[in-house]
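*Asks:* Could you have a look at this structure, given as structure tokens, before my questions?
The values are calculated or read from the model by the stated rules, or taken from the named source; none is laboratory data. Just so it is clear, the model here is predicted, and its values are computed rather than measured. Glycine gets a Cβ as well: all are built from the backbone with ideal geometry, and neighbour counts include every protein chain shown. These accessible areas exclude ligands, DNA and RNA; they are computed on the full protein's heavy atoms, side chains included. Shrake-Rupley method; radii C 1.70, N 1.55, O 1.52, S 1.80 Å.
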Amino acid sequence: MTTAAAQQRKALATTDVDVVTTPWKAGNPVQSLGTAFAGMGYFEEFDVVHCNLVGPGSVAVARHAKRQDIPLVLHAHFTAEDFAESYRGSSTVAPALKPYLRWFYSQADLVLCPSEYTKGVLESYPVTAPIEPVTNGVDIESLQGHEALREETRERFDLDGTVVFAVGEVIERKGLTTFCETAKRTEYDFAWFGPYETGPQASAVTKRWTQNPPENVRFTGFVDDKRAAFGAGDVYMFPAKVENQGIAVLEAMATGKAIVVRDIPVFEEFLTDEHDCLKCDSTAEFVDALERLDADPDLRDRLGENARESVEEHTLDRVGDRLADLYQTLLDDSGTASGNREGESL
């Protein structure tokens, strides 16, 4: 959600929308109590509210928007389905989240979400507000120069040969067990670039695999430059069980990597099997896909080049234009005079 919000801001920088990055008059809700008591107001002024989170801060901003008749956009990056199998107890808690999310998202004048798949999930709750899919997009500029980090990163993490890699937080919902079981059945080096929990909030599955990984698997932890991951890796493997879109998948496409994913509904929207990726349903199929790519460099290159072309539909300039059009439509429908200012609660 943090990455998606940052990309929205960068995308809107190419438009005439003036982004207010905090809704609070003094920068945060506590200090803004002082400005409220001084008669200077608690909230900043903005024409459209766009919230990317679902916590109490966003609830407060949403209530302010409704009281002031300010068009309210709620961005649904988070669903009960993608919370399950993430942290200790998350699968137990996930069903109880649906009533809250149904209530929260239904307040909006417009709900945005990353994919048609997510729209269908929200409609099943059911969220009663209008819902529009808008891609998270990919910040291609932020990936430039990844090739120069290849040797340094491979040496740092003792990686050699064809490297199968993943990027993002290490959780079971993203296919951790499949990633490791596939590694055990091959001789390739596997690397998962991303943070993982080690404390009481970590799930038993995450602890088991990260504390006792297969010999050919590296869990790097957080890396401060994501380009290192895309430089070091050769085949991007993403066996997620549930995903609302997958920014790291878009990033792998932008860097021209061969991509292997689980065949789940969301990937039907922007990936085509045998054209710009290989899709798999089981550990055995993932193993076969990796062996095909290792044995056939031409296939690997073709998939990567096609992926690079496919991701052009997700550039940030397109995201910015789409958001700006949606904001303007809300303002036109509400009859609110627009100063081209948009507020985000993060």
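*Asks:* Is it possible to state the helix-based mean residue ellipticity at 222 nm for the chain, with each DSSP H run of 4+ residues giving -39500 (n - 2.57), the sum divided by total residues, to the nearest 500 deg cm²/dmol? What is it?
*Replies:* Counting only the DSSP helices, I get -12000 deg cm²/dmol.
*Asks:* Full-extension gain between Arg9 and Glu123, please, as 0.36 nm times their residue separation minus the C-alpha to C-alpha distance.
*Replies:* 38.3 nm
*Asks:* To the nearest 10 square angstrom, what accessible area does Tyr117 show with a 1.4 Å probe?
*Replies:* Its heavy atoms expose roughly 60 Å² to the probe.
*Asks:* On to the next question. If you wrap a convex hull around the Cα atoms of segment 1-135, how much volume per residue is inside, in Å³?
*Replies:* 125
*Asks:* Calculated FRET efficiency, Asn212 and Thr329, Cβ-Cβ r, R0 51 Å, to nearest 0.05?
*Replies:* Calculated value: 0.45.
*Asks:* Find which of Leu299, Thr220, Ala202 sits farthest along the positive direction of the dipole of segment 140-314, computed with +1 on the beta-carbon of Lys and Arg, -1 on that of Asp and Glu, about the Cα centre.
*Replies:* Among Leu299, Thr220, Ala202, the one farthest towards the positive end of the dipole of segment 140-314 is Ala202.
*Asks:* Further question: Counting only the backbone N, which residues of segment 159-182 are under 14 Å from the spot 7 Å out from the Cα of Phe222 toward its beta-carbon?
*Replies:* Within reach of a label on Phe222, which here means backbone N under 14 Å from a point 7 Å along Cα→Cβ, segment 159-182 contributes 168-170.
*Asks:* Additional query: If you count only protein heavy atoms with a 1.4 Å probe, what accessible area per residue comes out for segment 150-253, rounded to a whole Å²?
*Replies:* Heavy-atom SASA per residue in segment 150-253 reads 39 Å².
*Asks:* Are any of the pairs Lys98/Lys257; Lys98/Lys207; Lys10/Lys66 more than 30 Å apart by Cα-Cα distance, and if so, which?
*Replies:* From the list (Lys98/Lys257; Lys98/Lys207; Lys10/Lys66), the Cα-Cα distance tops 30 Å for Lys98/Lys257.
*Asks:* Let me ask something else about it. Could you rank Arg150, Arg262 by how accessible they are, 1.4 Å probe, largest area first?
*Replies:* Arg150, Arg262
*Asks:* Percent of accessible area on segment 140-314 owned by carbon and sulfur, 1.4 Å probe?
*Replies:* For segment 140-314, the apolar C and S fraction of the accessible surface comes to 43 percent.
*Asks:* Charges at C-beta only: +1 for Lys and Arg, -1 for Asp and Glu. How large is the resulting dipole of segment 31-158 about its Cα centre, in Debye rounded to 20?
*Replies:* Here segment 31-158 has a charge dipole of around 740 debye.
*Asks:* Largest first, how would Ile131, Ile140 line up by accessible area (1.4 Å probe)?
*Replies:* Ile140, Ile131
*Asks:* Restricting to the chain, compute how many DSSP beta bridges are antiparallel as a %, nearest 5.
*Replies:* Antiparallel bridges make up about 5 percent of those DSSP assigns within the chain.
*Asks:* Under a 10 Å cutoff between Cα atoms, tell me which one of Gly34, Gly145, Gly246 has the largest fluctuation in the Gaussian network model of the chain.
*Replies:* Gly34
*Asks:* Where Lys and Arg each count +1 and Asp and Glu each count -1, what net charge lies around Lys257 among other residues with Cβ under 11 Å from its Cβ?
*Replies:* Summing Lys/Arg as +1 and Asp/Glu as -1 gives -3.
*Asks:* Okay, moving on. Taking the Cα centre as origin and putting +1 on Lys and Arg beta-carbons and -1 on Asp and Glu beta-carbons, what dipole magnitude results for the chain, to the nearest 20 debye?
*Replies:* That gives a dipole near 1600 debye.
*Asks:* Specify the angular offset, from 0 to 90 degrees and rounded to the nearest 10, of the alpha carbon long axis of helix 56-67 from the longest principal axis of the alpha carbons in the chain.
*Replies:* 40
*Asks:* Another question, if that's okay. Based on alpha-carbon centroids, what's the gap between segment 246-323 and segment 1-39 in Å, whole number please?
*Replies:* 34
*Asks:* Pop the C-beta distance of Leu33 and Arg63 into the FRET formula with R0 = 22 Å and round what comes out to the nearest 0.05.
*Replies:* 0.85
*Asks:* Shifting gears a bit: Which whole-number percentage describes the relative contact order of the chain, with Cα contacts under 8 Å and a sequence gap of 6 or more?
*Replies:* So the answer I get is 25 percent.
*Asks:* For segment 140-314, with only Lys/Arg (+1) and Asp/Glu (-1) charged at the beta-carbon, what is the dipole magnitude about the Cα centre, in debye rounded to 20?
*Replies:* Roughly 760 debye, rounded to the nearest 20.
*Asks:* Taking a probe of 1.4 angstrom, what is the accessible area of Met1 in Å², to the nearest 10?
*Replies:* Approximately 90 Å² of Met1 is accessible to the 1.4 Å probe.
*Asks:* Could you let me know the centre-to-centre spacing of segment 179-227 and segment 48-114, using Cα atoms, in angstrom?
*Replies:* 30
*Asks:* Would you indicate which of [x] 66, 41, 38; [y] 110, 39, 32; [z] 70, 50, 37 is the value of Cα extents along the principal axes in Å derived from the coordinates of this structure?
*Replies:* The calculated read-out lines up with [x].
*Asks:* Using only Cα atoms, what is the ratio of the radius of gyration of segment 140-314 to 2.2 N^0.38 Å?
*Replies:* For segment 140-314, the normalised Cα radius of gyration comes out at 0.95.
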